[in-house]
1. Regarding Y50, is this residue free of Cβ contacts under 8 Å to residues at least 24 places away in the same chain, of a type in the set (F, W, Y) and exposed (fewer than 11 other Cβ atoms within 10 Å of the Cβ)?
2. Looking at Q39 and the list (1) open to solvent by 40 Å² or more (accessible area, probe 1.4 Å); (2) at pLDDT 95 or above; (3) not basic (K, R), which single condition is not satisfied?
3. Just checking, which of I77, I86 is in contact with a helix residue (DSSP H, G or I) (Cβ under 9 Å, 6 or more places away or on another chain) and assigned to a helix (DSSP H, G or I)?
4. Could you check Y25 against (1) hydroxyl-bearing (S, T, Y); (2) outside any helix (DSSP H, G or I); (3) open to solvent by less than 60 Å² (accessible area, probe 1.4 Å) and say which number it fails?
5. Filter region 62-80 for residues that are open to solvent by 20 Å² or more (accessible area, probe 1.4 Å) and not β-branched (V, I, T); which is nearest to N17 (Cα to Cα)?
6. Output the number of residues of region 106-133 satisfying the condition of being β-branched (V, I, T) and either farther than 18 Å from Y27 by Cβ or without any contact (Cβ under 8 Å) to a residue 24 or more places away in the chain (or both).
7. Let me spell it out: the conditions are (1) of a type in the set (D, E); (2) outside any loop (DSSP other than H, G, I, E, B); (3) at pLDDT 95 or above, and E55 meets all of them except one. Which number is the exception?
8. Would it be correct to say that E15 is more than 17 Å from I77 (Cβ to Cβ) and within 16 Å of ligand 1 (Cβ to nearest atom)?
Amino acid sequence: MNNITFVMIKPDAVEKNAVYAIMRYFYDNGISVCCFDVQQATSERVTLHYGEHFERLGQDFANRMLELFVGKTVIPIVLTGEEGIIAKVRGIVGVTEPVKAAKGTIRGDLGDGDSFERSERENRVLRNLIHASDTPEAVAREAHIWLPGYPIQ
Ligand code: GTP
Ligand code: MG
């Protein structure tokens, strides 16, 4: 369990054809794919995944998140590598806002400098390309939502 993590390529990344470019960051760091799926996100799965954020950030945020995701293509992936992969992958992905993410990270290089400020102005959620789990519990919970057939204890 210490050597796997979960990520999900979000619809904004699929739409801008960045899937191959994103996956290169993982392969170049010795991280490989255990399991993945290409699927259309449902409101049930998005709500299960982001439920806590919906409570914290309110109905408008929930609606915008559903707008970004529902019916759009997402690619949930279980990745494997060395111990510590959860933090390592979060580092490779970069911080939440692309405008603040370091160069050399996925969000910093490919995220078009998006910010909470710009997304608020445009009445949409942030476009940050990819989600990465932050704890072993989140890996199990999120993989179970998006890849329910995949066995994770
Ligand atoms: P994920 O990998 O998507 O989980 O991003 P993260 O772990 O870097 O960020 P976090 O889990 O805190 O937030 C999840 C998502 O909620 C982000 O990708 C944003 O789209 C959104 N979000 C989080 N915090 C805020 C906030 O303060 N304001 C707004 N507008 N959106 C937020
Ligand atoms: Mg998160």
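1. So Y50 fails the test.
2. In the conditions (1) open to solvent by 40 Å² or more (accessible area, probe 1.4 Å); (2) at pLDDT 95 or above; (3) not basic (K, R), Q39 misses (1) alone.
3. On inspection, the qualifying residue turns out to be I86.
4. Of (1) hydroxyl-bearing (S, T, Y); (2) outside any helix (DSSP H, G or I); (3) open to solvent by less than 60 Å² (accessible area, probe 1.4 Å), only one is false for Y25: (2).
5. That would be K72.
6. Result for region 106-133: 1.
7. Only one criterion in (1) of a type in the set (D, E); (2) outside any loop (DSSP other than H, G, I, E, B); (3) at pLDDT 95 or above is unmet by E55, namely (3).
8. yes
The values are calculated or read from the model by the stated rules, or taken from the named source; none is laboratory data. Everything numeric here is computed off the predicted structure, so don't read it as measured data. Virtual Cβ from ideal backbone geometry, glycine too; neighbours counted across all protein chains shown. SASA here: full protein model, heavy atoms, side chains in, ligands and nucleic acids out. Shrake-Rupley method; radii C 1.70, N 1.55, O 1.52, S 1.80 Å.
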